[in-house]
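Following: one structure in structure tokens, then a few remarks.
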Amino acid sequence: MTEGTGWAVLVLPLALTAFALLALAADAAVGVRVAHARRSVAAAAADPWREVARLLVGQRRTTVAADGVLWRSGVVTVPLAALLAALVLPLGGFAAADPGVGIVWFNAMEILGWAALWTAGWGPNSPLSLIGGYRFVAQGMCYELPHMFALITAATGAGTLRVGGIVDAQAELWFVVWMPVAFVVYLISAAAMAFWGPFDAPLGRDLSGGVVAELSGVDRLVLLTGRWLLVVVAAGMAVPLFLGGGRGPLLPAWLWTLVKTALVLTFLLWSRRRFPTVRMERFTEVSWLVLLPLTILQALLVALVVLV
Amino acid sequence: MALNPADADLVVVAGPLTPRFTEPVERIWRQVPRPRAFVRVREHEVGDRLDTASVVLSRGGEHEDGGGEVRNGLVMADRGTDRDGLALDRLHVPLGPLLPNWPAGLVVHTTLQGDVIQHAQVDTPDEVGVGEDFWRWPWWPAGTGEKITSGGVARIRLVELLDALGRLFAVAGWLDVAMRAGVLRDFLLEGAESAWVRRRLLRLITRVRRSRTWRWLTAELGEHRHSVVGDVSTRCSAWLNEMERLLVDLDSIESVPLDGPGSGDRSVPVSPQRVLPELLEGTEFASARLIVASLEPWRSPDEVGSPGGVDD
Amino acid sequence: MGFEGIMLAMHGFVTALLLLGSGLGLLGVVYLVAWSVRRAPAESVEAFLSGNRSVEHAFSRFHVRWYALTMLYLAFEMEMLFMYPWALVVADEGASAVIEMFVFLAILLAGVVYAWREGVLRWV
């Protein structure tokens, strides 16, 4: 795998944001159909841009006796965590970096988002935000372990923690074929990690926005953009881990990567509309008694195949 | 609609601003970031007023300023024993009157430890000052000698149920279904043709009934032996069943006697002051919101469909 | 490993630092743009409480009812630290590595079952 230098670190954030904005526009267009609104799809597709402008112009607020440092650092860390996780994300045969511990790096950066959302919820000294922040901590207890087992299963199958190596190991057979459980669990945990519906309780409507209940203006823009970046990066990572990276007939590798990422992202967008918010109070048992043993069995199976 | 003042641009007061609401509305207005606009609408002028507001907003102007000072010097949360006898911090969080997807006029004062409701107390409707009852409109023409049809009565009850369902699904974070319920409600109010409504509503009902996720998430929530029937899941199913029955009447032009249809068993007898504290205490925040959304708090069986005044 | 070898191994992390810098720079640009087009300076407001006056701090010792779950989580999390390097060597180490790892995991899972029976996974 080729590693990028200089310009890659500038292009990567812009490319991710552009991809996220496209996805947002597509999602807004679908929303028009659902809402049966009397406006054109094209007008709805422009909504994300209008929203960006609105939030840039909007007044920033702070709340009485807020913990400004924790609050703002949590807000900016969400997009930064997504961006840093994208470091190891390959586009075809190219990645900004392909360190020997790529999988661990990706995992560590996601966990940064875990802390970030909690501090963003704690900061404004508002009960609804606070509850939202704590909800995400509880959510982490449920998605993180199955998520790590899914990552490790792919790494075990390839015998390396290097993302490029994992892609190479799928030359003959995509991992999704013989690690279906790990793939499905990865998708579930990816949504949970990005506090994305149906795992959006930290930003729940019942909490009037939860963690973002007190965020206005550019601060709100930054956190919500960070959330979209997290979703895009999580969808993008499914491609090298399970879907054979840039492999495919006819099209060039970079285009295949984009197509597969878009497909995974479409699934995540669909599931957000499809399911009600899953409360951790109910999900914990499913996660610990079903998903966790299943991923361990999947890892065992892969380890046995590797041995033979 | 924005979920919180921080995300809002407009504060719209529709209908009369009763004394009980003046202070909360002013407070919300102060929390809305600039540029912002304050709009008051009476009947039939919604469109015009909102157009003006959007012009004001696009110029970045301020339509009406609240002013006022921000108080500092909050006190720290006090402590109280939890169910295991541990002394823990308690937060006092009032829910309502101005909360999205919350029944109009309801105020529940909760005491939270973590996100569990330890204690709940409900303001009576009189204290809150609920405005005039919108849901009596099929009988508005009563004085004018116009005929009231059972189709019209079914339509308004459907609107009411879709409003309640939309609230329940929204609180549950079921975006798509909540939005579809809202669309149907609005189209019904505008007098959409019944075949169209029937087709879409039946599809919605089937979808909710088939959802195992929905049942899994709402079963065993808000059960109480004496005061209410079933849990959130079964109360939602009861609404769906009632809607299915109402769809049959939608085209009927049979006149309805002026004293309204029989009260029957159309809704759960609920007196919020008595029931809500019992139901909410010991639940966690999200469940509490679902429980409130699964009830029709201002409705008692003798009130259903009656054109007369409310006795409470 | 000579100096060049070290530089090669470090390459990814140097890029990571550059990426962090570029992310911070972009955030700076976004905040600068917002500052230059702002219509009103930042303001302090009361926390949103359904239109009610806020009288107390939300900052509090939050009752974390899933406390026991965090202990269970930590036990597993420590195990995950072993599993990353294990994934690299399992093919070379052979059957013994697999047996040891999964016996360990089975013991941890027994702990999960015990915790479940004690009601740790349900907290409301």
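Every number here is computed from the coordinates shown, using simple stated rules; none is lab data. Small disclaimer: the values here were computed from a predicted structure and weren't measured. Heads up, the Cβs are rebuilt from the backbone with ideal geometry, glycines too, and the neighbour counts pull from every protein chain shown.
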Long-range HN-HN contacts of residue B:252 with modeled amide H, under 5 Å: B:151
Taking every residue in A:62-69, how many Cβ atoms of other protein chains lie within 10 Å of its Cβ, on average? 5
How well do other chains shield peptide B:177-184, expressed as the mean number of their Cβ atoms within 10 Å of each residue Cβ? 3
Average partner chain C-beta neighbours within 10 Å, per residue of A:215-221? 6
Between residue B:18 and residue A:294, what FRET efficiency follows from the Cβ-Cβ distance if R0 is 51 Å, with the result rounded to 0.05? 0.35
Peptide ranges B:155-162, C:89-96, A:250-257 listed from the most packed, as the mean C-beta count within 10 angstrom indicates: B:155-162, A:250-257, C:89-96
J(HN,Hα) series, region B:26-31, from Karplus relation 6.51 cos²θ - 1.76 cosθ + 1.60, nearest Hz, glycine and proline x: 4, 5, 4, 4, 5, 7
Karplus (6.51, -1.76, 1.60) ³J(HN,Hα), θ = phi - 60°, over region A:120-133, in Hz, Gly and Pro reported as x: 5, x, 6, x, x, 6, 10, x, 5, 5, 4, 4, x, x
Given the DSSP H assignment, sum -39500 (n - 2.57) over each helix run of at least 4 residues in chain C and divide by its residue total; what's the result at 222 nm in deg cm²/dmol, nearest 500? -24500 deg cm²/dmol
Using amide H atoms built 1.01 Å from N in the peptide plane, name the residues 5+ places from residue A:62, or on other chains, whose amide H lies under 5 Å from its own. C:43, C:44, C:45
For residue B:281 and residue C:53, what is the calculated FRET efficiency with R₀ set at 22 Å and r taken between the beta-carbons, to the nearest 0.05? 0.40
Can you give the calculated 222 nm mean residue ellipticity of chain A, where each DSSP H run of n ≥ 4 adds -39,500 (n - 2.57) and the sum is split over every residue, rounded to the nearest 500 deg cm²/dmol? -23000 deg cm²/dmol
Kindly state, to the nearest 0.05, the FRET efficiency for residue A:308 paired with residue B:193, given R0 = 41 Å and r defined as their beta-carbon distance. 0.05
Once the dipole of region A:7-100 is set up with Lys and Arg at +1 and Asp and Glu at -1 on Cβ about the Cα centre, which of A:95, A:63, A:78 lies farthest towards its positive end? A:63
Estimated inter-spin distance, residue A:41 and residue C:110, nm [label 7 Å along Cα→Cβ]: 5.8 nm
Explain nothing, just compute: Karplus ³J(HN,Hα) = 6.51 cos²θ - 1.76 cosθ + 1.60, θ = phi - 60°, for every residue of region C:78-93 in order, whole Hz, x for Gly and Pro. 4, 4, 4, 4, 5, 6, 4, x, 4, 4, 6, 10, 4, 5, 7, 6
Taking H placed 1.01 Å from N in the peptide plane, check which residues at least 5 places from residue C:124 or on another chain put their amide H under 5 Å from its amide H. none
Could you please tell me the mean projected area of the C-alpha convex hull for region A:1-110, averaged over all directions and given in square nanometres to one decimal? 10.4 nm²
Averaged over every viewing direction, what's the projected area of the C-alpha convex hull for chain A? Give it in nm², one decimal, please. 16.6 nm²
